[in-house]
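Q: Sending over a structure as structure tokens; questions will come in a sec.
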Number of protein chains: 2
Amino acid sequence: MRTIKLLIEYDGTDFFGWQVQAEKRTIQGELETALRTLVNRDVNLIGAGRTDTGVHALGQVAHFKTDSELDVLTMCRGLNSLLPEDIVVHDVQEVPSDFHARFAAKSRRYQYRISRGRKALGRQFSWYLNYQLNVSTMAQAAELLRGKHDFRSFCSADTETRDYTCTLFNIKWASENNTLTLEVEADRFLQHMVRTIVGTLIEIGRGRKDPSDVNTILQAQDRRKAGPTAPAQGLCLMEVTY
Amino acid sequence: MRTIKLLIEYDGTDFFGWQVQAEKRTIQGELETALRTLVNRDVNLIGAGRTDTGVHALGQVAHFKTDSELDVLTMCRGLNSLLPEDIVVHDVQEVPSDFHARFAAKSRRYQYRISRGRKALGRQFSWYLNYQLNVSTMAQAAELLRGKHDFRSFCSADTETRDYTCTLFNIKWASENNTLTLEVEADRFLQHMVRTIVGTLIEIGRGRKDPSDVNTILQAQDRRKAGPTAPAQGLCLMEVTY
């Protein structure tokens, strides 16, 4: 059996997230359907991260096992001709058999985009916020999240995880034109973690919380202490590193 | 009666173009509906240009006459709360009564975006072309179109215009990342003109036509001599100048 790694971009707008669900349009589901046609077998595709409904990806990675003898270029072209236009496969590689898209990943990098002006074009890819924000307190608070912490307070309460420890290698706001972007890279992310971080940092930027509250929230290990979950459409999985 | 000028952005993807048509979702139609609610009267909205189905705008301008006493800021907020999310009004101004969005315009500026890589995110805003293009011959040919010409060969054959003379103040290709953009500014544009210019320049970039063929095509005054009409989704009305 060969192990094949895919590099995938998708517009999450019209999907019920990554993971296969009965009767629902999902990214994994569409890819597995295309792969089944391509290699004439059922395929189990494993993604690096299960993005939620409405979340986008420029650099999702996934792998599958196959006995197909198709070369990787043919696979790539075949997949793109079979896939709907909101999923694009950018690269197909044959990798060593112990490669695992999820467990072998060293880090994931996400971007969350906030639009400071109302817009029609590209509105599906950012969260529109028209109130005043203190970007400097938002940056201070972000710095406090950097490093290894228990992120239970920033994790969806109904998640099944037991280990809430994540290491944030990088977390940084950038501002360009009318868009404010949070870039965040970590070894792993819990469910809704980036969106809850964003929701909390926005509370701080609005003056409803202090930057130092981030420490209290981390220590509480209680989802109710953090801010609201920011909407899915601003979030994009940029890169997975192995 | 007051004369009110609007600055409008829209995502043309889900519209049958600017102009009101029975039973079809159009930008003018949605705006007139919102205006009717806002000022409690039927409103006739006149746009600077009638963009086709699928064409976008970042800087469309339109005007209407009203006896409403609402201040312009209230109008702007009211319109944005009444409009669907794929239309945004960025500015509302009261202007002298002789202002006319269409006839007073000195120039219109359009952008046409060509994506050199397949993509999922933002695919609605560019034309994806994966074949080799000679950008240098495309630039040479664009230069030949600059200035005052009869553009009948670059105009939809079933148009009702009698005057085919337009002056191109500027026409230029720019390349950034994986996107090739034609920026073009003229006193006026004929129906499908930018898209036919793009389709023709692409024929030249592919080596199917020579740059100098542009002169022959202009002289022919015959739509059949030019290249195909490029798809609508790559086109965006950027600015109207008065």
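Q: Please report the carbon-and-sulfur percent of the accessible area for chain B; probe 1.4 Å, protein heavy atoms only, DNA, RNA and ligands left out.
A: Within chain B, the accessible surface is 44 percent carbon and sulfur.
Q: Let me ask you something else. Determine the residues within region B:120-142 where the difference in accessible area between the chain on its own and the full set of protein chains amounts to at least 50 Å²; count protein heavy atoms only and use a 1.4 Å probe.
A: Those residues are B:120, B:121, B:123.
Q: Follow-up question, since we're still on this one. What residues of region B:1-43 lie in the reach of a label at residue B:91, counting those whose backbone N is under 14 Å from a point 7 Å from the Cα along Cα→Cβ?
A: Hits in region B:1-43 for residue B:91 at 14 Å: B:5-9.
Q: Return, ordered by residue number, the residues of region B:123-153 whose backbone nitrogen is under 19 Å from a label point located 7 Å along Cα→Cβ of residue B:206.
A: B:126-142
Q: Counting partner chain Cβ atoms within 10 Å of every residue's Cβ in B:180-187, what's the average?
A: Working: counts 0, 0, 0, 0, 0, 0, 0, 0.
Average neighbour count from other chains, rounded to a whole number: 0.
Q: Let me ask something additional. GNM on chain A, C-alpha springs below 10 Å: top fluctuator among A:142, A:232, A:220?
A: Sorting by GNM fluctuation, first place goes to A:220.
Q: Quick check on packing: order B:153-166, B:18-31 by the mean number of other C-beta atoms within 10 Å, highest mean leading.
A: The packing order, highest mean first, is B:18-31, B:153-166.
Q: Looking at region B:107-241 from every direction and averaging, what is the projected area of its Cα convex hull in nm²?
A: 7.7 nm²
Q: List the residues of region A:5-37 for which accessible area in the full set of protein chains is at least 20 Å² lower than for the chain on its own; 1.4 Å probe, protein heavy atoms only.
A: A:9, A:11
Q: Project the alpha carbons of chain B onto their principal axes and report the range along each, largest first, in whole Å.
A: Computed over the Cα atoms, the extents are 58, 40, 31 Å.
Q: What number, rounded to the nearest 500 deg cm²/dmol, is the helix-based mean residue ellipticity at 222 nm of chain A, given -39500 (n - 2.57) per DSSP H run of at least four residues and division by all its residues?
A: -7000 deg cm²/dmol
Q: Could you work out Rg/(2.2 N^0.38 Å) for the protein assembly as shown, with Rg from alpha carbons only? Write down the numbers at each step before the final one.
A: Values: Rg = 25.8 Å, N = 484, 2.2 N^0.38 = 23.0 Å.
Relative to the rule-of-thumb radius for its length, the protein assembly as shown sits at 1.12.
Q: Which value does Rg/Rh take for region B:140-212 over its C-alpha atoms, Rh per Kirkwood?
A: 0.97
Q: I'd like the distance between the alpha-carbon centres of region B:174-213 and region A:20-67, rounded to an integer number of Å.
A: 38 Å
Q: Determine the total buried accessible area between chain B and chain A, counting protein heavy atoms only with a 1.4 Å probe; round to the nearest 100 Å².
A: Values: alone 12230 and 12250 Å², together 22860 Å².
Summing both chains' loss of accessible area gives about 1600 Å².
Q: Net charge near residue B:242: determine it from the other residues with C-beta under 14 Å of the C-beta of residue B:242, scoring Lys and Arg +1 and Asp and Glu -1. Mind dumping the intermediate values first?
A: Working: positive: B:5, B:102, B:106, B:108, B:109, B:188; negative: B:91, B:98, B:185, B:187, B:239.
With Lys, Arg at +1 and Asp, Glu at -1, the neighbours total +1.
Q: Net charge near residue B:203: determine it from the other residues with C-beta under 12 Å of the C-beta of residue B:203, scoring Lys and Arg +1 and Asp and Glu -1.
A: So the environment of residue B:203 carries a net charge of +2.
Q: Next question. Starting from the exponent 0.38 and prefactor 2.2 Å, build the expected Rg for region A:2-95 from its residue count and divide its actual Cα Rg by it.
A: So region A:2-95 has a normalised radius of gyration of 0.98.
Q: What accessible area per residue, rounded to a whole number of Å², is obtained for chain A using a probe radius of 1.4 Å?
A: Here the per-residue accessible area is 47 Å².
Q: When the expected Rg is taken as 2.2 N^0.38 Å, what fraction or multiple of it is the alpha-carbon Rg of region B:102-171?
A: Against the empirical 2.2 N^0.38 Å value, I get 1.41 for region B:102-171.
Q: Right, something else. Between residue B:131 and residue B:175, how many nm apart are label points set 7 Å from Cα along the C-beta direction?
A: 1.8 nm
The values are calculated or read from the model by the stated rules, or taken from the named source; none is laboratory data. Computed from a predicted structure; not experimentally measured. Every residue, glycine as well, gets a Cβ built from its backbone with ideal geometry; the counts of neighbours run over all protein chains shown. Heads up: the accessible areas ignore ligands, DNA and RNA and are worked out on the full protein's heavy atoms, side chains in. Shrake-Rupley method; radii C 1.70, N 1.55, O 1.52, S 1.80 Å.
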